[in-house]
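Input: a single structure, listed below in structure tokens.
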Amino acid sequence: MKRLIMLAIFFIAIGGVNATTTVDMNWNGAGNFDTHFNAGDDAVVDFWTGGSVISGEWHASDNDDNPYIYDVDTTGANVKAHVENGFIKYNFDRTDSKYGAAGQNSYTYIDSAGTGDLAWKTTSNYAAMKNCHYNWQSNNQIQATGNHEVVHTLTANPTEWAGIHVIADANTKITSMGEEARSSGYRFGEGCGCYTNAKVDIVGTGAFDLSAYAENTIATQSGITTDGFLNIHSDFISGFQYNNFALIGN
């Protein structure tokens, strides 16, 4: 068995009143790797992976900037990870907020007997939590091959969230270039001030679910408007494509 090779670089830059803490890590080998980043009382970010082959890079920062003196710092986390015969799990919790309650969450899980890939970027501040990928990786942020399960959810509050669930023996590619969550609602597959790029492309056999919950209204860019709960389900034999799953819940 290969040994896990990990390069970890910790950088703390101090200037003026504020101090920025930045953590950069790289790994390449076999086995397990995890990291946990605690940005004071503003955000907590966790990442885990394990498999016969694992590689990737991790970057996290606590800006300690306190914009507008709202007592909520800007926090960011970026990851690109690859696994073979194993799993990838990413969890970002926004734990402080100026407007409304905190508790926003971004969660992604890939478990594959083939390969799995995740390229994800999250930032949070006093106003919101956002997954904005246009300057990190614009397409195919979530990928898996072989027999696999994929879960991705975006949570605004305990009663408002949206998510995708895939169980398949296939080649799966999921793109969600922009997402936003606040205490009062969320944008799933859209937002961040950029054009919508939200699609699913699966070649193989399996099942797909898009689920969304909202207290008032769920509106999809494909023309569906409803309240309460939305579920779009497909069982497929040879493939599944969804060209624009973007929606708003509030």
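Bear in mind that the values in this text are calculations on the coordinates, not laboratory data. Bear in mind the structure is a predicted one, so any value in this text is a computation, not a measurement. Please note: Cβ atoms are built from the backbone with ideal geometry, for glycine as well, and neighbour counts cover all protein chains shown.
Structure notes:
- Relative contact order [Cα under 8 Å, 6+ residues apart], region 128-211, whole percent: 33
- Each peptide in 230-241, 77-88, 198-209 gets a packing score, the mean of other Cβ atoms within 10 Å over its residues, and the list from highest to lowest is 77-88, 198-209, 230-241.
- A cysteine counts as unpartnered when no other cysteine's C-beta lies under 4.7 Å of its own; in the chain this applies to C194.
- Proximal charge balance of K89 [Cβ under 10 Å; K/R count +1, D/E count -1]: -3
- For the Cα trace of the chain, dividing Rg by the Kirkwood Rh returns an Rg/Rh value of 0.98.
- Rg over Rh [alpha-carbon atoms, Kirkwood Rh] for region 63-136: 1.08
- What the pair-distance distribution of region 121-250 shows, using all Cα-Cα distances binned every 5 Å from zero, is 2, 11, 22, 23, 20, 14, 6, 1, 0, 0 percent.
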